[in-house]
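The values are calculated or read from the model by the stated rules, or taken from the named source; none is laboratory data. Just so we're clear, the structure is a prediction, and the values are computed from it rather than from any experiment. A quick note on method: Cβ atoms are made from the backbone with ideal geometry, for glycine too, and the neighbour counts reach across all protein chains shown. Just so you know, the surface numbers come from the protein's heavy atoms only, side chains and all, with ligands and any DNA or RNA stripped out. Shrake-Rupley method; radii C 1.70, N 1.55, O 1.52, S 1.80 Å.
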Amino acid sequence: MKQFTYKVTDELGIHARPAGLLVKEAAKFQSSIKIKNGTKEADAKRLLNVMTLAVKQGNTVTVAADGADEADAVKTLEAFFKANL
Amino acid sequence: MERFTGKSLLERVAIGRIYIYKKQEYLLEKRNIDDIEGEKKRFHEAREAAMKELQGLYDKALAEIGEEEAQIFEIHRMMLEDLDFIEGTESMIDGEKVNAEFAVSETGTTLSNLFASMEDAYMKERAIDVLDVTKRVVNRLAGVEDGGMHTKDPVIVVAEDLTPSETVQMDTNKILAFVTRKGSSNSHTAILARTMNIPALVKTDITLDDKYQGQEAVVDGTTGELYIKPSKELMDSMVEKKMEIDRKDNELKKLIGQESITADGRKVNLYANIGNVEDTKKVLENDAEGIGLFRSEFLYIGKNTFPTEEEQFRAYKAVLEKMEGKKVVIRTLDIGADKKADYFNLDQEENPALGYRAIRICLTQPDIFRTQLRALYRASAYGTLSIMFPMIIALEEVQEIKKIVQEVKEELQRENIPMGDVELGIMIETPAAALISDDLAKEVQFFSIGSNDLTQYTLAIDRQNEKLEKMCDTHHKAVLKLIRMTVENGHKEGIWVGICGELAGDTTLTEQFIHMGVDELSVSASRILNVRKAIRECV
């Protein structure tokens, strides 16, 4: 399993639109990908699930990938977070 | 004439006929089915058809209204690809052998309830999106057409609530105002109304009776009232009010780029109050001359831990840079009372307004204070920064603050971190501070009068208590006397004195403040031009 943490700087947090883009990115990988915000955890490939995390500006999330392409997944998603959130 | 009231979102007036918008009712049926695979195929066909429709709505909204309003259809389309939605529906068809309409509707309701129960205001509103999008699929399955709006002339749209897919199908040229029974200031109708700059009432106490269809009506966004079949006198006065608002709007816009100077040549610094970095945009749009109150609490509230020095530094630096050298007054942490964050571990208090808050926390837990001061001084190199301290009641507090500030500055100097010249000031928001402002003025470079708390503490009235509303005279002589005293004491020591509470934006007091000698008024960005106008009319 590979993971990274990221502090969200986007003013709106992970609101509906970036959540949608994130899910699309995550769906490209075979690995199981989870996002954790505090005690809540969501499947990064499920839009509504990600939205219910209600990630706000300043929250620190942990993204963990587990599977054959976990290294690629973590690299791509970390770049995605930096660019969009 | 009938009168209804709601919560107004925009202070504008609309006059026109009522259009009662009712949703097409579809009676959901639960049927048992045998052909499970066939039913799933129906579901996916309807889902794909709905996604195509949403693509079309996205394009239409993008072309006609704009990116912000269009985005929602893109999100709706993505929701139809959501695995929770798809799997939930499929497993219901599988497990309960029910028709696709029922399975979609039930799954949608379950997911929507998940959002409706969230604390986050933005996410709570998304419950309606989930329902909207599942209804679209159900309509495709059942062959029901969406109800559009059929009208030749522009109308006042009255509805239970409006989903984005409903509003986008309306011709925006034909909408004078929105009136809904439900809704909130976070709803799509609200966003649309603000974009279109038309009045909108939400949570209105009207029943959607067909007898109102086509009736002449007036929406008064200044009071939140809807009049149906208005009397001639009322209509006349509303026509006048509408013309007046339009005229004033145009007049105010002309003041962008003008000085805030009285008719006899006295310059007043007109600044804006902000609560986060993004507000700076509105400050510049409305041509404020600086920022008179930057509430730093947003960095602390809604978090799980204290904001780091780096995080604070970035926020302060961003605002200072955006203001390009104009003055920015940042108020240090004012948490406690009604503003709480869990990780501060504040005790439940009997009397929070008089309790452990603001500078009292900072001086008791100086680590929190030092982190903020370090971030502020580091940011000071990027613009013109002033720092002010809230809830002061004693001279000793100010002396202690200055001692800590000095230590922080020396520490940064040792680290060779560049700093700008920083003015230090205090909020005058307790009667105690106003009464000893002669002594306090010797210690600081400016005063900013926080009129909201000063009023609350002087009158011993909780402004949030509706029962006391009548007694809460915001122009109370005692408060005005304290303001006058503060200004005079400040000037005796040669420091500037401003007002940053709600009173600063009260244009009925502008002239009086100027006569008292107030040097600066800091108001919400949307009030800047109104106050500039009032200043320019003063003699």
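For the stretch B:487-500, how many residues meet the condition of being among the small types (Gly, Ala, Ser) and open to solvent by less than 10 Å² (accessible area, probe 1.4 Å)?
So the answer is 2.
Just checking, which of B:Val130, B:Val137 is β-branched (Val, Ile, Thr) and over 12 Å from A:Met51 (Cα atoms)?
B:Val137
Could you list, in sequence order, the residues of the stretch B:128-158 that are open to solvent by less than 30 Å² (accessible area, probe 1.4 Å), more than 21 Å from B:Ala70 (Cα to Cα) and at pLDDT 85 or above?
B:Val138, B:Asn139, B:Leu141, B:Val155, B:Ile156, B:Val158
Which residue is farthest from B:Ile335 (Cα to Cα), if the candidates are limited to the stretch B:282-306 and must be within 14 Å of chain A (Cβ to nearest Cβ) and in contact (Cβ under 8 Å) with a residue 40 or more places away in the chain?
Per the criteria, the residue is B:Lys282.
Got a sec? Which of B:Ile393, B:Ile330, B:Ile368 is open to solvent by less than 10 Å² (accessible area, probe 1.4 Å) and either assigned to a helix (DSSP H, G or I) or not polar (S, T, N, Q) (or both)?
B:Ile330
Output the number of the condition that B:Phe73 fails; it satisfies all remaining conditions of (1) part of a helix (DSSP H, G or I); (2) open to solvent by 50 Å² or more (accessible area, probe 1.4 Å); (3) of a type outside the set (Lys, Arg).
If we test B:Phe73 against (1) part of a helix (DSSP H, G or I); (2) open to solvent by 50 Å² or more (accessible area, probe 1.4 Å); (3) of a type outside the set (Lys, Arg), just (2) comes out false.
Scanning for something open to solvent by 70 Å² or more (accessible area, probe 1.4 Å), under 21 Å from B:Asp506 (Cβ atoms) and at pLDDT below 90, does the stretch B:279-290 turn up at least one residue?
yes
Exactly one of these conditions fails for B:Ala478: (1) closer than 30 Å to B:Gly257 by Cβ; (2) of a type in the set (Gly, Ala, Ser); (3) at pLDDT 95 or above. Give me its number.
For B:Ala478, the failing item is (1).
Of everything in the stretch A:70-80, what is closer than 14 Å to A:Lys34 by Cα and open to solvent by less than 40 Å² (accessible area, probe 1.4 Å)? Give them in sequence order.
A:Glu70, A:Ala73, A:Val74, A:Leu77
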